[in-house]
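Just so it is clear, none of the values below were taken in a lab; they were calculated from the coordinates. Since we're looking at a predicted model, the values are computed, not measured. For neighbour counting, all protein chains shown are included, and Cβ atoms are generated from backbone atoms with ideal geometry for every residue, glycine included.
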Amino acid sequence: MYTIDLQSRTPIYEQLYKKVVELILKDELKAGDKLPSVRELAKSLGVNPNTVSKAFQLLERDKVIYSLAGRGSFVSEINADSVKEKALADFDNAAAEALKAGLTRRELIERLDGGVKAGENHEQTS
């Protein structure tokens with residue numbers, strides 16, 4: 001359920017943050033669900049507990065999760081639209097940086113289309 005890529009350039013705490021948000025958006029985690037403890041998750045992933053703690057702190061700061069002393073961390077009731085807006089803002093920033101680095105609009109579109117073709121399309125079918 002929780003996976004990280006140790007070879008990725010993305011920091012582990014960021015990967016964990018994004019994974020929890022992804023699981024919430026996919027309804028695999030629901031409001032009120034208990035998350036594994038920092039120690040449990042760190043041990044299962046083979047990472048430092050401080051790394052997991054940092055991810056949980058950021059999730060709590062952004063009101064994605066909340067903690068109860070002595071009981072653990074739980075998924076908050078969140079607005080999926082605000083999470084999607086943040087994801088789109090992150091995408092816009094990444095696309096702008098790629099364009100500044102010399103990639104063309106066409107290359108970005110091809111990359112995006114390639115991801116969709118590879119099964120990365122997360123749009124709901126209704």
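Highest mean first, how do 85-94, 11-20 rank when packing is the count of other Cβ atoms within 10 Å averaged over residues?
Final packing ranking: 11-20, 85-94.
Can you list the residues, at least 5 places off or on another chain, whose amide H is less than 5 Å from the amide H of Leu29, using H built in the peptide plane?
Those lying under 5 Å, H to H, from Leu29 are Ile24.
Once every DSSP H run of n ≥ 4 in the chain is given -39500 (n - 2.57) and the sum is divided by its residues, what mean residue ellipticity at 222 nm do you get, rounded to the nearest 500 deg cm²/dmol?
-17000 deg cm²/dmol
So how much slack lies between Arg71 and Leu103, counting 0.36 nm per residue of separation and subtracting their Cα-Cα distance, in nm?
Extra length available between Arg71 and Leu103 comes to 6.7 nm.
Can you compute the charge dipole magnitude of the chain about its Cα centre, using +1 on each Lys and Arg Cβ and -1 on each Asp and Glu Cβ, nothing else charged? Give it in debye, rounded to the nearest 20.
420
More than 20 Å apart: what percent of Cα pairs in the chain qualify?
Summing the P(r) of the chain above 20 Å gives 53 percent of all pairs.
Equivalent ellipsoid semi-axes for segment 12-75, as square roots of 5 times the alpha carbon gyration tensor eigenvalues: give them largest first, rounded to whole Å.
They are 16, 14, 11 Å, listed from largest to smallest.
What is the sum of charges, Lys and Arg at +1 and Asp and Glu at -1, for the other residues whose Cβ falls under 11 Å from the Cβ of Phe74?
Here the count lands on 0.
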